[in-house]
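Written below as structure tokens is the structure these notes are about.
The values are calculated or read from the model by the stated rules, or taken from the named source; none is laboratory data. Keep in mind that this is a model prediction, so the values were computed, not measured. Every residue, glycine among them, receives a Cβ derived from its backbone with ideal geometry; neighbour counts consider all protein chains shown. Ligands, DNA and RNA are excluded from the accessible area calculation, which covers all protein heavy atoms including side chains. Shrake-Rupley method; radii C 1.70, N 1.55, O 1.52, S 1.80 Å.
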Amino acid sequence: MRNIWIICRKELHSYFVSPVAYLLLTMFALIFGFFYWNSVGYFNQVGLESQMRGQAFPMSVNEYVIRPLLSNVSVIGLFFIPMITMRLFAEEKRMGTIELLATSPVRDLEVIIGKWLAAVILYATMMLFTAINFAFLFRYGNPDWKPLAIGYLGLLLQAGGLLAIGTFISTLTRNQIIAGAATFGVCLMLWVLEWVAGYETATWAKVLAYMSVITHFDSFSKGVLDTKDAIFYASVIFLGLFLTSRSMESLRWRS
Amino acid sequence: MITVKGLTKRYARTLAVDHISFEVQKGQIVGFLGPNGAGKTTTMRILTCFLPPTDGASNVAGFDVLEQPLEVKKRIGYLPETPPLYPEMEVREYLTFVGRLKGMSGSSLAARVGEVSERCAIADVSSKLLGKLSKGYRQRVGLAQAIIHNPPVLILDEPTAGLDPKQINETRELIRSLAGDHTIILSTHILPEVEQTCQQVIIINKGKLVATDSVHNLQNRARGAESVVIEVEGRDSALDAKTVQHRLETVSGVSRVVFKETLNNRSSFEVESLQDRSIRGDLARAVVESGWNLNELRPTAMSLEEIFLQLTGAEQAGAAAPPPVEAVAQGRES
Ligand SMILES: Nc1ncnc2c1ncn2[C@@H]1O[C@H](COP(=O)(O)OP(=O)(O)O)[C@@H](O)[C@H]1O
Ligand SMILES: [Mg+2]
């Protein structure tokens, strides 16, 4: 436990002393801000029109602002994941610092979880920026907070899985650009898998669609905590970290 | 302190380490000597539990590297070939991080960081970024991280590689000062380093153990007979080199006297003894009794370089006797 935290702190330190973390946070805040004001503007306009037509105001903030926004965030997140994980192991291998970690009295798994946890914390910090925007909704509107919280839980779970996969891919090379590109490819694949379900209803298509990380986010964005989907994400996290530990071990047997 | 038995490491195609066995006693500095590609780094990586061996057993500080790697790791300090530094960290931050990794914490860690910084002469850069340090400082920070937790065993892979002569001397000095409390294995492909720093030497070549002995014994063994340089000065009259040479040749145990030069009424000679004969005392007496001054009398230690070439067989290529064709090819290659 102590060792996990030591590694995690070191990773957070290197995220935040380099421009990486600030770059990611700024880019994410800008992109999210754009989506946010778009949808809030749209919401206001539609609301205003329906009022002018003398109708009651039938739309809920949750359904028309928060839900699509959360879905957007989950997709935007896919593009940021590779940038968070690409250096985790690739850089240690390139600099030879992996020799320090591997010859210190810490277990591989502690190193892996520490690094993954740092990535999750950085991602969560990015999410915090979106939460500031949502805070305005609470100030001026009257949304329900529970679905929002569940939405965030879903975002974190989904990111946790993809970050674990990214961590694994980062152990495969000493070049972080390659690690980043490969992770991006995998994230994209896991996203578009969902599309096959649009035109194909055979079992194989269903299986592929099931593997898409995005489909499992639907329930969360609706504010529903579906155990099946939570278990799916937990399995992805587990699989990613497991592959990472296997890879670290085989790294030793091979090299 | 370190026991290695039949250690073997095979990479996909190369046999990097081939049935090596040796032992290192507590408190010793041992030089691990061999040309590039001999398998030094590989052996050290196995001893530090970074790589698993293909075969064989190694025991470090009482623990088997395969059975109890965590216990071994607690008791070793390791300086890899390239110091494992994070460029974005400051020196003090880095040493604190490594100390924590090794299980230290709190004020004792802070004190220890100050202590090793002083000892390794890096206190003046303690708030500099590692990425901005010069080669000499990087190497010393590497050493500092290896000793931070005061481990009983130190494994140093080419600790002086790439340093300038002054830094090399400082580093050797530092390593020597660490002996006693620590058992040290240091690898090098530079021979004088072993002569100057180590008590014991392990020579490997192409993955095979060539020799393991104390530096002193090894020099003697390779030399067999004693060889000394002697300088004689005429006291009152002019010195006749021929006379001196004849006198020296008659000393018992002397096999050969080679005249070197005469300068300002001083002549110097190289004298070799018969096998296993000690001649220095007799030489000195002979010179003084003949009424000359004895200016200098020193053994010419065979350098490890010669020993090394002799043992690894690379010398055959240049030897006087016509070598077999195969040996010539090998000599060129290595
Ligand atoms: N990771 C590796 N994969 C394959 N071969 C390697 C690897 N590391 C070293 N070797 C080979 O093993 C031999 C010994 O290398 P090494 O232990 O680094 O020697 P030294 O440190 O004495 O220069 C060399 O022939 C080298 O090419
Ligand atoms: Mg080497």
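Could you please find all residues in region A:98-143 being over 27 Å from the mean Cα position of the chain (by Cα), free of Cβ contacts under 8 Å to residues at least 24 places away in the same chain and within 14 Å of another protein chain (Cβ to nearest Cβ)? Within region A:98-143, A:E99, A:L100, A:T103, A:S104, A:P105 meet the criteria. The conditions are (1) exposed (fewer than 15 other Cβ atoms within 10 Å of the Cβ); (2) among the hydrophobic types (A, V, I, L, M, F, W, C); (3) over 20 Å from the mean Cα position of the chain (by Cα), and A:F34 fails exactly one of them. Which is it? Among (1) exposed (fewer than 15 other Cβ atoms within 10 Å of the Cβ); (2) among the hydrophobic types (A, V, I, L, M, F, W, C); (3) over 20 Å from the mean Cα position of the chain (by Cα), A:F34 violates only (3). Note on region B:39-61: among residues that are open to solvent by 20 Å² or more (accessible area, probe 1.4 Å) and within 16 Å of ligand 2 (Cβ to nearest atom), the one that is farthest from A:E249 (Cα to Cα) is B:T41. When only residues in region B:2-21 that are away from ligand 1 (no atom under 13 Å from the Cβ) and buried (at least 20 other Cβ atoms within 10 Å of the Cβ) count, which is farthest from B:V210 (Cα to Cα)? Checking each candidate, the answer is B:I2. For region B:10-27, the candidate set comprises residues that are touching a Leu at 6+ places or on another chain (Cβ under 9 Å) and away from ligand 2 (no atom under 13 Å from the Cβ); within that set, the residue that is farthest from the other protein chains (Cβ to nearest Cβ) is B:S21.
Whenever a residue of region B:248-275 is on the phi > 0 side of the Ramachandran plot, its partners that are of a type outside the set (G, A, S), lying with C-beta atoms within less than 8 angstrom and at least six residues away or across chains, give the pairs B:G253/B:L274; B:G253/B:R277; B:G253/B:I279; B:G253/B:D282; B:N265/B:E233; B:N265/B:L239.
Selection within region B:89-116: residues that are open to solvent by 10 Å² or more (accessible area, probe 1.4 Å) and away from every other protein chain (no Cβ under 14 Å). The member of this set that is farthest from B:A179 (Cα to Cα) is B:S107.
When each of B:L186, B:L129 is tested for being open to solvent by less than 60 Å² (accessible area, probe 1.4 Å) and in the same structural domain as B:T42 (by TED's automatic domain parsing), the lone residue that passes is B:L186. Of all residues in region B:63-80, which are in contact (Cβ under 8 Å) with a residue 12 or more places away in the chain and open to solvent by 30 Å² or more (accessible area, probe 1.4 Å)? Result: B:F63, B:L66, B:P69, B:K74, B:R75.
Annotation note: of B:R172, B:R138, the sole residue that is in contact with a Pro (Cβ under 9 Å, 6 or more places away or on another chain), assigned to a helix (DSSP H, G or I) and closer than 30 Å to B:T212 by Cβ is B:R172.
Determine whether B:K73 is among the basic types (K, R), away from ligand 2 (no atom under 16 Å from the Cβ) and either within 28 Å of the chain's Cα centre (by Cα) or under 21 Å from B:P159 (Cβ atoms) (or both). Against the criterion (among the basic types (K, R), away from ligand 2 (no atom under 16 Å from the Cβ) and either within 28 Å of the chain's Cα centre (by Cα) or under 21 Å from B:P159 (Cβ atoms) (or both)), B:K73 qualifies. Among the residues of region A:233-255, the ones that are modelled with pLDDT of 80 or more and either buried (at least 19 other Cβ atoms within 10 Å of the Cβ) or closer than 30 Å to B:K9 by Cβ (or both) come to 14 in all. Out of all the residues in region A:210-232, is one or more part of a loop (DSSP other than H, G, I, E, B), more than 14 Å from every other protein chain (Cβ to nearest Cβ), small (G, A, S) and in contact (Cβ under 8 Å) with a residue 40 or more places away in the chain? Within region A:210-232 (the criterion being part of a loop (DSSP other than H, G, I, E, B), more than 14 Å from every other protein chain (Cβ to nearest Cβ), small (G, A, S) and in contact (Cβ under 8 Å) with a residue 40 or more places away in the chain), the answer is yes, since at least one residue qualifies. Being loosely packed, with under 11 Cβ neighbours inside 10 Å and at pLDDT 85 or above is a property that A:P58 lacks.
Taking (1) of a type outside the set (S, T, N, Q); (2) away from every other protein chain (no Cβ under 14 Å); (3) surrounded by 15 or more Cβ atoms within 10 Å (Cβ to Cβ) in turn, A:V46 satisfies each apart from (3).
Scanning region B:33-57 for residues that are more than 13 Å from chain A (Cβ to nearest Cβ) and either near ligand 1 (Cβ under 8 Å from one of its atoms) or under 23 Å from the mean Cα position of the chain (by Cα) (or both) turns up B:L33, B:G34, B:P35, B:N36, B:G37, B:A38, B:G39, B:K40, B:T43. For region B:141-169, residues that are within 15 Å of the chain's Cα centre (by Cα), crowded, with 20+ Cβ neighbours inside 10 Å and assigned to a helix (DSSP H, G or I) total 1.
Of B:V60, B:V30, all but one fail to be under 22 Å from the mean Cα position of the chain (by Cα), within 14 Å of chain A (Cβ to nearest Cβ) and touching a residue at least 60 places away in the same chain (Cβ under 8 Å); the exception is B:V60.
Report yes if some residue within region A:7-20 is more than 30 Å from B:G103 (Cα to Cα) and within 14 Å of another protein chain (Cβ to nearest Cβ); otherwise report no. Scanning region A:7-20 turns up at least one residue that is more than 30 Å from B:G103 (Cα to Cα) and within 14 Å of another protein chain (Cβ to nearest Cβ). Under the condition of being within 16 Å of ligand 2 (Cβ to nearest atom) and over 11 Å from B:L33 (Cβ atoms), the residues counted in region B:186-207 number 2.
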